[in-house]
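Here the structure comes first, spelled out in structure tokens, and everything after it is commentary.
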Amino acid sequence: MKSMTILFALLIGSAVNASRADINDSWRTLGRTNSVIFRMPQLQFSNWFLRVNKTCVEGSKLRSLKRVKKCDRYGGGDSNRCVSERRLFVYRDLQGTETRCTRWQDRGDSNTVCTRYEDVDFSIATEYQIPVYRRVNGGPNGDDFDRSSSRRPLFTKTFRVPSCN
């Protein structure tokens, strides 16, 4: 009976400690802790959007950590079904120039169009300050992040994009 009581106390104690996240926990541990919530910034790689924690630095480029699916050929009755795909790493320059819309005009009926494009210099950060919040369930449309992030963060932790190996 005494050993059952000790085992029960250990299980309860480890569950309590597991829910107490702090700034010294790894990002992996924080991601698996139900008592906190955070959101990594997202970047566009051509047709793919990846969170920064799913990328790495390779030379002067940012690369996806894992290969992503790319459809090579569409077919079927409506030609919307992918019939041949491959997996590849996607890359994005860390610095450069790209064409962006610099002026939008409202055409009514919530229809906005770009009226001016310009070449703009850009630089992608490889270090981010990520606020980590105590998870609060609910919020608009059941979104835990919206509700949790309306409060002060528990702490802010630095995320550095790692080097590709």
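Quick look at the values:
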| read-out | value |
| --- | --- |
| Candidates C114, C82 - the one that is of a type in the set (A, V, I, L, M, F, W, C), farther than 24 Å from R32 by Cβ and in contact with a Gly (Cβ under 9 Å, 6 or more places away or on another chain) | C82 |
| Sole residue being basic (K, R), at pLDDT 95 or above and closer than 30 Å to S60 by Cα, chosen from R100, R160 | R160 |
| Residues of segment 99-145 classified as out of contact with any Ser or Thr (no Cβ under 9 Å at 6 or more places or on another chain) and acidic (D, E), total | 3 |
| Qualifying positions in segment 67-96 - exposed (fewer than 11 other Cβ atoms within 10 Å of the Cβ) and closer than 24 Å to Y128 by Cβ | Q95 |
| Long-range neighbours under 8 Å by Cβ, at least six apart or interchain, first residue closer than 15 Å to F89 by Cβ within segment 34-58, second at pLDDT below 95 and exposed (fewer than 13 other Cβ atoms within 10 Å of the Cβ) | C56/N165 |
| Number of the exception - R28 against (1) surrounded by 10 or more Cβ atoms within 10 Å (Cβ to Cβ); (2) outside any strand (DSSP E or B); (3) at pLDDT 90 or above | (1) |
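The values are calculated or read from the model by the stated rules, or taken from the named source; none is laboratory data. The shown structure was predicted, so the numbers you read here are calculated from the model rather than taken from an experiment. FYI the Cβ positions are ideal-geometry reconstructions off the backbone, even for glycines, and counts take in every protein chain you see.
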